[in-house]
Amino acid sequence: MITLYGGPTPNARKVAIALLEMKLPWRLEPIDILAGDQLTSEFLALNPNNKTPVIIDDHGPNGAPFTLNESGAILVYLAEKTGLFLPNDASERALCWQWLMFQMSAIGPMFGQAAHFTHYAKDRHPYAIERYGREVKRLMMVLNHRLGDSEWLSGTSYSIADIATLPYVRSILTAQPGQYPHVDRWGQAMLARPAVAEGLAVGTARAETIEGGLQGFTDEHRAILWGDRQHSQR
Ligand SMILES: N[C@@H](CCC(=O)N[C@@H](CS)C(=O)NCC(=O)O)C(=O)O
């Protein structure tokens, strides 16, 4: 059994999609980051970086329980454990790492900063909104170019690079259909997969979600995520 600690966020959802696609036995342990669940001593023992997702694999390497954080590393671990969604061809496998790193180093952080300054920051900072908004557009164009040349990010086969990327770009595809046509085509192909649809829904049934936070983000939430409450635990 694999336990996924997380909630309704892109980084947890990419792991949920992978677990479902790989048909691994798993369960969700909900972590409500708006309530500060990630700051408890129990959670910090799993990840001192106080971030979700984390997994515990009861049957890790050598059969022993194994704890892992960082969503990209978790995807690689699961793909190597099952031999699934990693291209066999050496070039395509290297491209899988390339696009996975691109998601982890560029799409994740830049989209995150864009969301922060657009939705969560208490004060309005036009320079930051413009800077990260432009970067999101640039990164979407890079993806659109790649997916115009290639069916999947790695090449001819669906891989963990695609799984890592869709949860971040889905809301842009919904909000701006037709703007990135090749990403749209790829997104539709992914959304047609039952595991993707199910994984993207992780956490939405919970009363308090990040989406809910978009409407009602408070100073308490800011204190937990970026302010005094976070630092007082460190
Ligand atoms: N690089 C990390 C980022 C993880 C991350 O930023 N997680 C967010 C949710 S998407 C979180 O748990 N934030 C809680 C906090 O910052 O206190 C990964 O890919 O796993």
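Read-outs throughout are calculated quantities, based only on the coordinates presented, and are distinct from any laboratory measurement. Treat the numbers as computed from the prediction; the structure is a model and nothing was measured. Here the Cβ is made from the backbone with ideal geometry for all residues, glycine too, and neighbour counts use every protein chain on show.
Near Glu29, the amide H atoms lying under 5 Å from its own belong to Leu4, Tyr5, Gly6; only residues 5 or more places off or on other chains count, and H is placed 1.01 Å from N. Backbone phi angles across the stretch 139-145, fed through the Karplus curve with coefficients 6.51, -1.76 and 1.60 (θ = phi - 60°), yield HN-Hα couplings of 5, 5, 5, 4, 4, 4, 5 Hz in residue order; Gly and Pro are listed as x.
The alpha carbon gyration tensor of the stretch 90-197 gives principal lengths a ≥ b ≥ c with a/c of 1.5 or higher and a/b greater than b/c, which makes the shape prolate. Taking 7 Å steps out from each Cα toward its Cβ at Met141 and His125 produces label points 2.4 nm apart. Take the alpha carbon gyration tensor of the chain, find the square roots of its eigenvalues, order them as a ≥ b ≥ c, and report rounded if a/c is under 1.5; if not, report prolate when a/b exceeds b/c, else oblate. Cα axes put the chain in the oblate bin. Straight-distance candidates among the lysines for linking to Lys23, with alpha-carbon spacing under 22 Å and chain neighbours fewer than 8 residues away dropped: Lys14, Lys81. Rounded to the nearest 20, the size of the Cβ-charge dipole of the chain about its Cα centre is 440 debye, with Lys and Arg at +1 and Asp and Glu at -1. Working note: 222 nm ellipticity from helices only, DSSP H runs with n ≥ 4, each -39,500 (n - 2.57), summed and divided by the residues of the chain, gives -16500 deg cm²/dmol to the nearest 500.
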